[in-house]
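Undergrad: Below is a structure I'd like to ask you about.
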Amino acid sequence: MSKPLPLVLDQYDRGARLYPAMIAMLPALVAGAVMVPHFCGKDALSLLLSLVGACGLLVLVAHVARDAGKAKEPEWFHAWGGRPSVAMLRHRDGRLPGLDKAHHHSFLAAHVPGLCLPSAEQEAADPAGADEAYGRAVNWLLQQTRDKVRFGLLFRRNLEYGFRRNLTALRNVALSLDAVLVCAVVAALVLTDRGVIPERFALPASGAGLTLGIAVLHAALALAILRPAWVARASEDFSRQLLASSDALGASPSKPAAKKEPPTRRKASVPT
């Protein structure tokens, strides 16, 4: 059997896009893993997984999860009072200590070409214009911190935010799948008990119970955890780390030590 999961090789694509999609579909995946071998034979599931990998369906669901998260992001940013990384640069925002904010302002004003950050008075007079300047600064920081090795902690914070954003954006999809599965399994069990569905087409009792239990638990966890506030916490963590990366950008990367040449004996000078 081929292994389709490694086909999505990029760490961010797997962690922030593919895994949220698979978690959202978990009860359906469990039902398929239980029902397909029961009705179609043991080799059918292996064949199905191979086809999923060969056809690139994992890549498709990763893109669907990413698009769902991106579509919800503006709504959440509006509810939170703006993009957190931008909002934290505002003079009127109190989430960063004053000295840290002044340090970030000073660094960004000195390094972003053509950037003029507003004073507190200018920000109060023109909040939209101030946010535009802060947005330019944040976009510049994003471009400067794409090195996953040098900015490893920032990359992990970004991955965490992407995972929470995309999974929460799929909340309604997950709940809908759970409802369909529960209704379908209960209906199949009732119709089998009444003789409408022949015994040879009956769902396996253990598989039906497992599917129902996971679907109900899945829905309960989705309702309890997948909320905008859960995404907001990860977004703030990422924003703090992004702004803090100005310290690393301000420091010159250390140069490798020059390789020392082995000592050589000086030849005696020959008189000419």
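The values are calculated or read from the model by the stated rules, or taken from the named source; none is laboratory data. Predicted, not measured: the structure shown is a model, and the values here were computed from it. Positions of Cβ are generated from backbone atoms using ideal geometry, with glycine treated the same way; all protein chains shown enter the neighbour counts. We work out accessible area using only protein heavy atoms, side chains counted, and drop any ligands, DNA or RNA first. Shrake-Rupley method; radii C 1.70, N 1.55, O 1.52, S 1.80 Å.
Undergrad: Using all alpha carbons of segment 76-216, what is the percent of pairwise distances in each 10 Å bin, ordered from the shortest bin to the longest?
TA: 10, 25, 20, 12, 11, 11, 8, 3
Undergrad: Taking 0.36 nm per intervening residue step and subtracting the Cα-Cα distance, what contour gain separates Ala179 from Leu99 on full extension?
TA: In short, 23.7 nm is gained.
Undergrad: Between Ala244 and Ile197, what length comes free when the chain is fully extended (0.36 nm per residue of separation minus the Cα-Cα distance, one decimal in nm)?
TA: 10.6 nm
Undergrad: Can you order the peptides 113-122, 146-155, 26-35, 193-202 by their average number of other Cβ atoms within 10 Å per residue, highest first?
TA: Taking the mean over residues of other Cβ atoms within 10 Å, the ranking is 26-35, 146-155, 113-122, 193-202.
Undergrad: Find the accessible area per residue for segment 106-205; the probe is 1.4 Å, ligands and nucleic acids are left out, and the unit is Å².
TA: Ligands and nucleic acids excluded, the result is 57 Å² per residue.
Undergrad: Further question: Using a Förster distance of 41 Å, how high is the FRET efficiency between Ser119 and Asp67, based on the Cβ-Cβ distance and rounded to 0.05?
TA: 0.55
Undergrad: I would also like to ask the following. If you bin every alpha carbon distance in segment 70-148 into 10 Å steps from zero, what whole percent lands in each bin?
TA: Reading upward from the zero bin: 17, 50, 29, 3.
Undergrad: Taking the simple approach of a point 7 Å from Cα along Cα-to-Cβ for both Leu29 and Ala224, what is their distance in nm?
TA: 2.1 nm
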